[in-house]
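This report refers to the structure that appears directly beneath it.
Each reported figure results from applying straightforward, stated rules to the coordinates on display, with no laboratory input. None of the values given here were measured: they were computed from a predicted structure. So basically every Cβ, Gly included, is an ideal-geometry build from the backbone, and we count neighbours across all protein chains shown.
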């Protein structure tokens with residue numbers, strides 16, 4: 001038993017007080033299923049166990065796990081003192097951006113306020129949303145992009161959105177920002193150590209705040225959680241701070257996230273980005289050839305899959321698709337061969353990734369599920385999802401195995417909770433269990 005019976009009883013009595021007294025005082029109804037769920041979650045968190053909680057719509061699972069996490073931290077600190085393990089954050093992974101924002105701006109502030117007023121906690125609950133670099137502005141690239149559009153007849157709303165990034169470093173907070181501008185000003189995959197704006201970089205400041213030991217709750221989406229797991233398995237630097245407990249909300253969406261993460265795709269914005277950077281490094285007819293060829297390939301595939309109801313998502317090879325895919329592959333081969341020693345390695349890698357997607361569709365690679373999507377301009381996106389990630393059982397096995405790998409020799413396995421909607425297929429539940 002990790003915690004004394006006295007502390008366990010006190011923690012469970014506080015759950016009843018919070019849900020039966022404090023919440024109703026602030027206009028919230030008493031929901032027995034929510035209270036039962038919170039008790040169950042707290043037992044598993046304090047016992048450092050793994051739990052699968054199937055919570056239907058309307059039960060109130062978000063407050064259930066937030067209260068359980070707050071009480072876990074409170075009583076683990078009382079029982080074991082300020083050990084490094086007890087001060088590690090809790091990670092909450094969700095599928096939707098709306099839920100992430102709601103947890104940060106609605107659920108946590110409300111819960112923090114009433115628990116402080118009641119004396120249950122002494123300090124506010126601090127939380128942060130963790131997202132990938134592509135969501136944030138690189139100040140150096142923003143400056144370059146603003147200079148590049150000064151003399152251009154750019155859409156007024158898009159230009160205003162771009163200029164507003166001087167005040168907002170999180171691009172998700174800005175409306176009307178074009179997809180191309182997002183890609184041009186986002187934080188690059190590899191930041192240069194000698195960047196002139198390193199000292200004042202807003203993204204680096206965000207990372208520092210996120211790593212603060214007082215940031216008790218780290219909120220991310222499923223893609224970011226899986227990417228963190230992949231980094232750890234490959235001995236790369238983790239994306240998330242080492243955590244003591246993991247809550248996977250909307251867990252029935254994990255398979256979709258994994259398919260997206262462990263697949264590959266190609267859209268016209270990818271080519272525009274490559275051509276933009278290629279133009280900075282190399283001036284030649286290949287840039288126009290690349291742009292024109294891929295645009296035609298995507299347009300032809302779109303025409304061959306268009307119906308009166310829209311685009312058919314499942315990819316079907318036609319003679320015309322095969323001909324243009326083959327032509328696209330040959331064009332890519334010639335461009336890569338000609339520019340191999342004239343361009344940086346990372347641009348060459350981008351070109352090879354483009355060729356790889358075309359080859360995947362041309363050969364109808366059986367390791368992937370091939371399908372189509374549309375971007376915001378209704379252009380075709382070629383998507384190839386790995387078949388290895390096709391079943392929910394595989395996803396959950398991956399997460400559970402990562403949980404064991406992440407455990408540190410000096411501590412037992414960290415607690416782990418799935419909170420999911422009751423729409424999750426029963427067959428998948430049996431496979432997981």
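Among [x] 4, 15, 20, 21, 20, 14, 4, 2, 0, 0; [y] 4, 16, 19, 17, 13, 11, 9, 7, 4, 1, 0; [z] 4, 18, 25, 24, 17, 9, 3, 0, find the value of P(r) over Cα pairs in 10 Å bins from 0, in percent that was calculated from the structure presented, and write down its label.
Of the listed options [x] 4, 15, 20, 21, 20, 14, 4, 2, 0, 0; [y] 4, 16, 19, 17, 13, 11, 9, 7, 4, 1, 0; [z] 4, 18, 25, 24, 17, 9, 3, 0, [z] comes from this structure.
I need the peptides 332-338, 71-77 ranked by packing, meaning the mean over residues of other C-beta atoms within 10 angstrom, with the highest value on top.
71-77, 332-338
Obtain the nm distance between the two label points defined at residue 180 and residue 116 by a simple spin-label model: each point lies 7 Å from its Cα along the Cα-to-C-beta direction.
4.7 nm
Test of understanding: what is the full-extension gain from residue 237 to residue 273, defined as 0.36 nm times their sequence separation minus their Cα-Cα distance?
Using 0.36 nm per residue and subtracting the Cα-Cα distance, I get 10.3 nm.
Using R₀ = 60 Å, calculate the FRET efficiency as 1/(1 + (r/R₀)^6) where r is the Cβ-Cβ separation of residue 6 and residue 200; round to 0.05.
Efficiency computed from Cβ-Cβ geometry: 0.75.
Restricting to Cα pairs below 8 Å that are 6+ residues apart, what does the relative contact order work out to for the chain? Please round to a whole percent.
Reported as a whole number, the value is 21 percent.
What FRET efficiency, computed as 1/(1 + (r/R0)^6) with R0 = 25 Å and r the Cβ-Cβ distance, is obtained for residue 326 and residue 260, rounded to the nearest 0.05?
0.35
Please work out the Cα center distance from region 217-259 to region 289-352, rounded to the nearest Å.
Distance between centres, Cα-based: 32 Å.
Based on the inverse mean of 1/r over its pairs of different Cα atoms, what is the Kirkwood hydrodynamic radius of region 282-393, in Å?
By the Kirkwood definition, the hydrodynamic radius is 15.2 Å.
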